[in-house]
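Okay, so here's the structure we're looking at.
Just so it is clear, none of the values below were taken in a lab; they were calculated from the coordinates. Small disclaimer: the values here were computed from a predicted structure and weren't measured. Heads up, the Cβs are rebuilt from the backbone with ideal geometry, glycines too, and the neighbour counts pull from every protein chain shown.
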Ligand SMILES: [Zn+2]
């Protein structure tokens, strides 16, 4: 299940040149979707156009609708695609989140998505972090929330708005998913998954306020 963040009445972050998060993440999500279908996966999107997932609902209702779609399917993986924003225009880089009480599989998914984006796109590596964003805390399968880059940073806004770079992001995420299933295939059910490379430390970060709703952070 691919979850392009925001949509419709909820634009998410907006860059200094006017780029909207909802548009960037939908473009990247559609590339990821096409790649995964090509790889033989069954793929669903929480939204495929510029709409709210729960039309007319509050932001909290919209987030719950995304979780419900994934849990009721049920999806094997949940990937929520976002772009970051900060008051400091110099803030930059790519980061990936799993929930605070995440399974080893969620942590593996987050590490592999982050590694693939850093390898292929090459923005600053802000690492893998733990935070209880609503959609990754409440989905009942391995779940990651990726923050592609900072729309509040003028340089990264240009990268994020560039269709050629959106293609690179989408391909990088699909490679991360392929890596995840390759690793998982060699592990017994419920056994811890070992991935090369160290965890950057699960630092809590401010993140994207729209996803912090009901976060219940500890
Ligand atoms: Zn967002």
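Some points to look at:
- Residue 11 vs. criteria surrounded by fewer than 19 Cβ atoms within 10 Å (Cβ to Cβ), under 18 Å from the mean Cα position of the chain (by Cα) and either more than 27 Å from residue 162 (Cα to Cα) or within 16 Å of the ligand (Cβ to nearest atom) (or both): yes
- Cβ pairs under 6 Å, 6+ apart, first in the range 1-24 and more than 28 Å from residue 42 (Cα to Cα), second assigned to a helix (DSSP H, G or I) and near the ligand (Cβ under 10 Å from one of its atoms): 13/21
- Which numbered condition residue 95 misses (of (1) within 14 Å of the ligand (Cβ to nearest atom); (2) under 17 Å from the mean Cα position of the chain (by Cα); (3) surrounded by fewer than 24 Cβ atoms within 10 Å (Cβ to Cβ)): (3)
- Scanning the range 28-59 for residues that are within 14 Å of the ligand (Cβ to nearest atom), within 24 Å of residue 154 (Cβ to Cβ) and either part of a strand (DSSP E or B) or in contact with a helix residue (DSSP H, G or I) (Cβ under 7 Å, 6 or more places away or on another chain) (or both) gives a single hit, 28.
- Single unsatisfied condition, residue 147 versus (1) closer than 24 Å to residue 19 by Cβ; (2) buried (at least 24 other Cβ atoms within 10 Å of the Cβ); (3) in contact with a helix residue (DSSP H, G or I) (Cβ under 8 Å, 6 or more places away or on another chain): (3)
- Complete set of residues in the range 14-27 that are within 13 Å of the ligand (Cβ to nearest atom) and under 20 Å from residue 135 (Cβ atoms): 20, 21, 22, 23, 24, 25, 26
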